[in-house]
Amino acid sequence: MEKIENGKYEGWLWKSDSENPCEITKDKDLDSQLEKEGITFDDNKNPFIIEGMLWNEETMTSVSIKYVDGKHIINKHKVDAADLQGSEKATLKEFVPHRLPGNEKIKMLQYWKEEQIDEQFENLLSLQPDKLVFVGFKK
């Protein structure tokens with residue numbers, strides 16, 4: 001399992017025994033917040049993290065956590081500063097949060113990739129959705 005480096009993150013982690021996610025704030029380092037909340041990424045312990053999204057603005061790193069088939073899957077994505085403004089390969093999107101009071105919107109980057117569509121369209125390339133990456137909250 002990939003390790004999440006300690007740092008100042010914002011986002012959420014949703015434990016399997018909770019009705020609401022635990023909000024992670026960037027005013028304290030991640031390790032101290034995990035310890036305070038009793039959160040671990042040990043695949044053999046309960047409660048486990050159902051899902052999580054974290055954003056570290058200092059390192060421009062987005063982290064997604066999913067629990068699938070008894071294992072935590074942790075993916076990291078380094079974000080280019082230009083992508084946060086919108087670029088050829090990414091579009092900034094905002095969504096209304098679910099059970100995260102105090103946050104007006106969740107900010108995500110929709111990445112795009114070029115794919116060849118079928119021969120019926122003369123093998124033209126088309127932009128298709130790729131990754132959706134968490135990049136913080138709009139307060």
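Coordinate-derived values only; no laboratory data. Note that the coordinates shown come from a computational prediction; the quantities given were computed from them, not determined experimentally. Every residue, glycine among them, receives a Cβ derived from its backbone with ideal geometry; neighbour counts consider all protein chains shown.
Centroid-to-centroid, using Cα positions, segment 61-99 and segment 2-40 are 16 Å apart. Peptides 61-69, 124-132 ranked from most to least packed by the mean count of surrounding Cβ atoms within 10 Å: 61-69, 124-132. Counting charges near E88 (Lys, Arg +1; Asp, Glu -1) among other residues having Cβ under 13 Å from its Cβ returns a value of -2. Counted by Cβ distance under 14 Å from K113, the other residues give a net charge of -3, where Lys and Arg count +1 and Asp and Glu count -1.
For a paramagnetic label modelled on E104 (point 7 Å from Cα along Cα→Cβ), amide N atoms under 16 Å away belong, within segment 121-139, to 136-139. Between Q120 and K71, the simple spin-label model (points 7 angstrom out along Cα→Cβ) gives 3.8 nm. For segment 81-138, the average shadow cast by the Cα convex hull is 4.9 nm², which is a quarter of the hull's surface. In the chain, Cα pairs under 8 Å separated by at least six residues give a relative contact order of 19 percent. What does the charge count near R99 come to, summing +1 for each Lys or Arg and -1 for each Asp or Glu among other residues with Cβ under 10 Å from its Cβ? Overall, the nearby charge balance is -2. For the chain, compute Rh as the Kirkwood radius over C-alpha pairs and then the Stokes-Einstein diffusion coefficient at 10 °C and 1.306 mPa s; write the answer in µm²/s, rounded to an integer. Estimated via Stokes-Einstein, D reaches 97 µm²/s. Excluding same-chain neighbours fewer than eight residues apart, the aspartates and glutamates reachable from K15 by a Cα-Cα span under 17 Å are E23, D31, E35, E37, D42, D43, E51, D69.
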